[in-house]
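In what follows, a single structure is set out as structure tokens and then discussed.
The values are calculated or read from the model by the stated rules, or taken from the named source; none is laboratory data. Remember, predicted model here, so these are calculated numbers, not experimental data. Cβ sites come from the backbone with ideal geometry, for glycine too, and all protein chains shown count toward neighbours.
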Amino acid sequence: MRSNPEASWGLKLAALGGLLFLHVPILIIFLYTLTPDETTYTFPLPGITFKWFGVAWQREDLWRALTLSFQVAAVATVAALILGTLAAAAVYRSNFFGREAISFLLILPIALPGIVTGIALRTAIGGFDIPFSFWTIVIGHATFCVVVVYNNVLARFRRMQGSQIEASMDLGANSIQTFRYVILPNIATALLAGGMLAFALSFDEVIVTTFTAGQQSTLPIWIFSQLVRPRDRPVTNVVAMFVMLITFVPIFLAQRLSAQNSDTEGETK
Amino acid sequence: MSNPPAPAIRFDQVSRHFGDVKAVDLVNLEVRDGEFFSMLGPSGSGKTTCLRMIAGFDRPTSGQIFLYGQDVSDLPPYERDVNTVFQDYALFPHMNVADNVAYGLMVKKVNKSERMRRAEEMLELTRLAGFGKRKPSQLSGGQRQRVALARALINHPKVLLLDEPLGALDLKLRQQMQVELKSIQQRVGITFIFVTHDQEEALTMSDRIAVFNEGKICQVGAPAEIYERPASPFVAGFVGTSNLIGGEVAKRLTGSDTMFSIRPEKIHLGKVESQPEADMVSVEGVVRDVVYLGLFTRYLVETEGGNDLVVVEQNLKTTSMDVLSVKGQKVRLLWHRDHMNPVGG
């Protein structure tokens, strides 16, 4: 936060307005988890009930979607960590023809509208006659998860003193030891931040998933289908609230980690 | 021939080209066992590339490099018995000082108590005892320098490479470290190869110096030899200040128009009517500029032949008033024949 002693009243009002605009709708969702009314949003609430939490707990389809989302996010994040780190290392360490172009192409998926990525993937997957499955969802998510890891790790590499790697080799460490003792501790927090962001992105992704999933639904898709054919509408609100709380944690931590300077803590031996 | 010990480092026709740029061009070089050897030259002269090839960070385009007789040209850095002190120190920021110093032992799987004991020894050698628990970010520039030195010495390398290690320090600290480096080298008895562009540093510390220019070695020799008998106009100009005299004036003084060099402190500034002694030569000139520097005064004298010569005289009896009054006057410059050094070119 700024240490400016006084911001003008106008600025304060604008900031407050912005925050309210962003967060009031979310609070409304929280509020309507408590309504006893099944199908409509009436205000003020006709009463207060906690029964929807119980109903949500017992819905089989909800649990399936939640598990699938977790699995997809976990696998996509691991893939992104490996591929993103390798790509960042390649772009940082070597100077090959078309390096800038490759860097641009790596970042592109996050800028492209999801619907374009989705259609492109669907066409490609269909063209190769690959059945839609868990793995096609993972591939779809990995396209943008790789980007956040790549960006975080590349930024860290650029801040790292390049001669550290030479010093390590000079002192007798082979490539694997150099990676383990010097490179990994240097990029550890970048990996953690990038990984958590990737997980959160994957966990609430809708558009690309609708094009790459088969019959399965991830949690966001499940919520989406609930809006079209409402059944126990407040259950959706309960789920939405939990998704928000669950994604809040990694995003919050990722931001804290990225904000820290390069003073990384190494493993204590 | 008897069997002398193999040279610590031998370059056999070593070249390193980057595209069309010949960073190092057909260099032959021998560094003797146990000596303090400096590679001196302006930036881009190839000295750092030579150092990087000895360390293994760079491979020669052609030619071979021998470490105590063994061909190491194609070995990776971690298989050479050579360690480096980097210009930017390259300490590991996530490790404390002791772990930094012990790194070379850790990757060789030496057990922890042994490596901590030896790290402490090294820290004592570099006068950093008790600093083991600190992080590099909590140290001053001079202290980081010592950590880098301790870390590079812990494996007892056959050759220690130092890449302009004093460049980032201020003058006073630099002079102190020069003395200390030299004494550490004598204590550990390891061959040091020191890269620098600072001629004073090279003259102060080295047993021998190689002067680099444009990818080639111009001259190799002891500091006094390099200073007193520069082999080329480049060496004469790069190491210390030199007056280069050629053409008509040279012909009149030496009988040949081969260029020669004469150091400013070897020239005596005399009255225009003074006569040279038997083994001296002289030229007339006009003092164009006088710079009073306290300990000595630097004069710029334009000679009859059109050369501008720099003359340095100590202010043993003169004051600033005396020396400044010389400006614009006609003088006679005298020096011993012996101090003239033919440089060719």
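With the condition kept exactly as written, say whether any residue in segment A:82-92 is without any contact (Cβ under 8 Å) to a residue 24 or more places away in the chain and hydroxyl-bearing (Ser, Thr, Tyr). Looking for residues that are without any contact (Cβ under 8 Å) to a residue 24 or more places away in the chain and hydroxyl-bearing (Ser, Thr, Tyr), one finds none in segment A:82-92, hence no.
Checking the structure you have, find out if any residue of segment A:172-186 is under 24 Å from A:Gln255 (Cβ atoms) and among the charged types (D, E, K, R). No, because not a single residue in segment A:172-186 is under 24 Å from A:Gln255 (Cβ atoms) and among the charged types (D, E, K, R). Would you call A:Thr77 of a type outside the set (A, V, I, L, M, F, W, C), touching a His at 6+ places or on another chain (Cβ under 9 Å) and touching a residue at least 40 places away in the same chain (Cβ under 8 Å)? For A:Thr77, the condition - of a type outside the set (A, V, I, L, M, F, W, C), touching a His at 6+ places or on another chain (Cβ under 9 Å) and touching a residue at least 40 places away in the same chain (Cβ under 8 Å) - is met. Taken over segment A:176-205, the criterion of being under 12 Å from the mean Cα position of the chain (by Cα), farther than 15 Å from A:Asn152 by Cα and either aromatic (Phe, Trp, Tyr) or not in a helix (DSSP H, G or I) (or both) is satisfied by A:Phe203, A:Asp204, A:Glu205. Output the residue which, of all residues in segment B:295-340 that are within 18 Å of B:Glu228 (Cα to Cα) and surrounded by fewer than 16 Cβ atoms within 10 Å (Cβ to Cβ), is modelled with the highest pLDDT. Ranking the qualifying residues of segment B:295-340, first place goes to B:His336.
Scan segment A:16-42 for residues that are over 14 Å from A:Pro234 (Cα atoms) and more than 26 Å from the chain's Cα centre (by Cα) and the total you get is 2.
Among the residues of segment B:72-83, those that are more than 8 Å from every other protein chain (Cβ to nearest Cβ) and either closer than 15 Å to B:Thr49 by Cα or in a loop (DSSP other than H, G, I, E, B) (or both) comprise B:Val72, B:Ser73, B:Asp74, B:Leu75, B:Arg80, B:Asp81.
Looking for whichever is touching an Asp or Glu at 6+ places or on another chain (Cβ under 7 Å) and either surrounded by 21 or more Cβ atoms within 10 Å (Cβ to Cβ) or within 30 Å of B:Ile226 (Cα to Cα) (or both) here; the options are B:Pro157, B:Pro165. Which one fits?
On inspection, the qualifying residue turns out to be B:Pro157.
Results for (1) assigned to a loop (DSSP other than H, G, I, E, B); (2) of a type outside the set (Ser, Thr, Tyr); (3) more than 22 Å from B:Met122 (Cα to Cα); (4) outside the structural domain of B:Leu166 (by TED's automatic domain parsing), shown as yes or no for each residue.
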| position | (1), (2), (3), (4) |
| --- | --- |
| B:Ser15 | no, no, yes, no |
| B:Pro42 | yes, yes, yes, no |
| B:Asp58 | yes, yes, yes, no |
| B:Phe66 | no, yes, yes, no |
| B:Ala98 | no, yes, no, no |
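For B:Val343, the test of being closer than 26 Å to B:Glu228 by Cα, surrounded by 18 or more Cβ atoms within 10 Å (Cβ to Cβ) and of a type in the set (A, V, I, L, M, F, W, C) is passed. Return only the number of the condition from (1) modelled with pLDDT of 90 or more; (2) more than 10 Å from chain B (Cβ to nearest Cβ); (3) crowded, with 20+ Cβ neighbours inside 10 Å that A:Ala193 does not satisfy. Answer for A:Ala193: the failing condition is (1). Against the list (1) touching a Ser or Thr at 6+ places or on another chain (Cβ under 9 Å); (2) surrounded by 18 or more Cβ atoms within 10 Å (Cβ to Cβ); (3) not β-branched (Val, Ile, Thr), the condition B:Tyr227 fails is (1). Of the candidates A:Ala173, A:Ala167, the single residue that is closer than 21 Å to B:Asp58 by Cα, part of a helix (DSSP H, G or I) and at the interface with another protein chain (Cβ under 7 Å from one of its Cβ atoms) is A:Ala167.
Condition check ((1) in a loop (DSSP other than H, G, I, E, B); (2) touching a Phe, Trp or Tyr at 6+ places or on another chain (Cβ under 8 Å)) across all residues:
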{"position": "B:Gln219", "(1), (2)": "no, no"}
{"position": "B:Gly237", "(1), (2)": "no, no"}
{"position": "B:Gly240", "(1), (2)": "yes, yes"}
{"position": "B:Val249", "(1), (2)": "no, no"}
{"position": "B:Pro276", "(1), (2)": "yes, no"}
{"position": "B:Asp289", "(1), (2)": "no, yes"}
{"position": "B:Arg298", "(1), (2)": "no, no"}
{"position": "B:Gly306", "(1), (2)": "yes, no"}
{"position": "B:Glu313", "(1), (2)": "no, yes"}
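Could you check, for segment B:24-40, whether at least one of its residues is in a loop (DSSP other than H, G, I, E, B), crowded, with 22+ Cβ neighbours inside 10 Å and in the same structural domain as B:Leu161 (by TED's automatic domain parsing)? The answer is no, given that none of the residues of segment B:24-40 is in a loop (DSSP other than H, G, I, E, B), crowded, with 22+ Cβ neighbours inside 10 Å and in the same structural domain as B:Leu161 (by TED's automatic domain parsing). Scanning segment A:213-224 for any residue that is modelled with pLDDT under 85, over 30 Å from A:Gly126 (Cα atoms) and part of a helix (DSSP H, G or I) turns up nothing.
Close Cβ contacts (under 7 Å, 6 or more residues apart or on different chains) running from residues in segment A:242-260 that are closer than 19 Å to A:Leu66 by Cα to residues that are at pLDDT 80 or above and of a type in the set (Val, Ile, Thr) comprise A:Met244/A:Ile26.
Of the candidates B:Phe131, B:Phe86, B:Phe66, the single residue that is crowded, with 17+ Cβ neighbours inside 10 Å, touching a strand residue (DSSP E or B) at 6+ places or on another chain (Cβ under 7 Å) and more than 11 Å from chain A (Cβ to nearest Cβ) is B:Phe66.
Once segment B:93-103 is narrowed to residues that are more than 28 Å from the chain's Cα centre (by Cα) and crowded, with 24+ Cβ neighbours inside 10 Å, the residue that is farthest from the other protein chains (Cβ to nearest Cβ) is B:Val97. Looking only at residues of segment A:108-163 that are within 14 Å of another protein chain (Cβ to nearest Cβ) and among the polar types (S, T, N, Q), we find that the one that is farthest from A:Ala188 (Cα to Cα) is A:Ser163.
Looking across segment A:154-167, the residues that are surrounded by 19 or more Cβ atoms within 10 Å (Cβ to Cβ) and free of Cβ contacts under 8 Å to residues at least 24 places away in the same chain come down to A:Gln164, A:Ile165, A:Glu166, A:Ala167.
As a summary of the residue check, B:Leu153 satisfies the conditions (1) farther than 29 Å from B:Glu200 by Cα; (2) under 25 Å from the mean Cα position of the chain (by Cα) except for the one numbered (1). The set of residues in segment A:45-61 being of a type outside the set (A, V, I, L, M, F, W, C), under 24 Å from A:Thr218 (Cβ atoms) and in contact with a helix residue (DSSP H, G or I) (Cβ under 9 Å, 6 or more places away or on another chain) consists of A:Arg59, A:Asp61.
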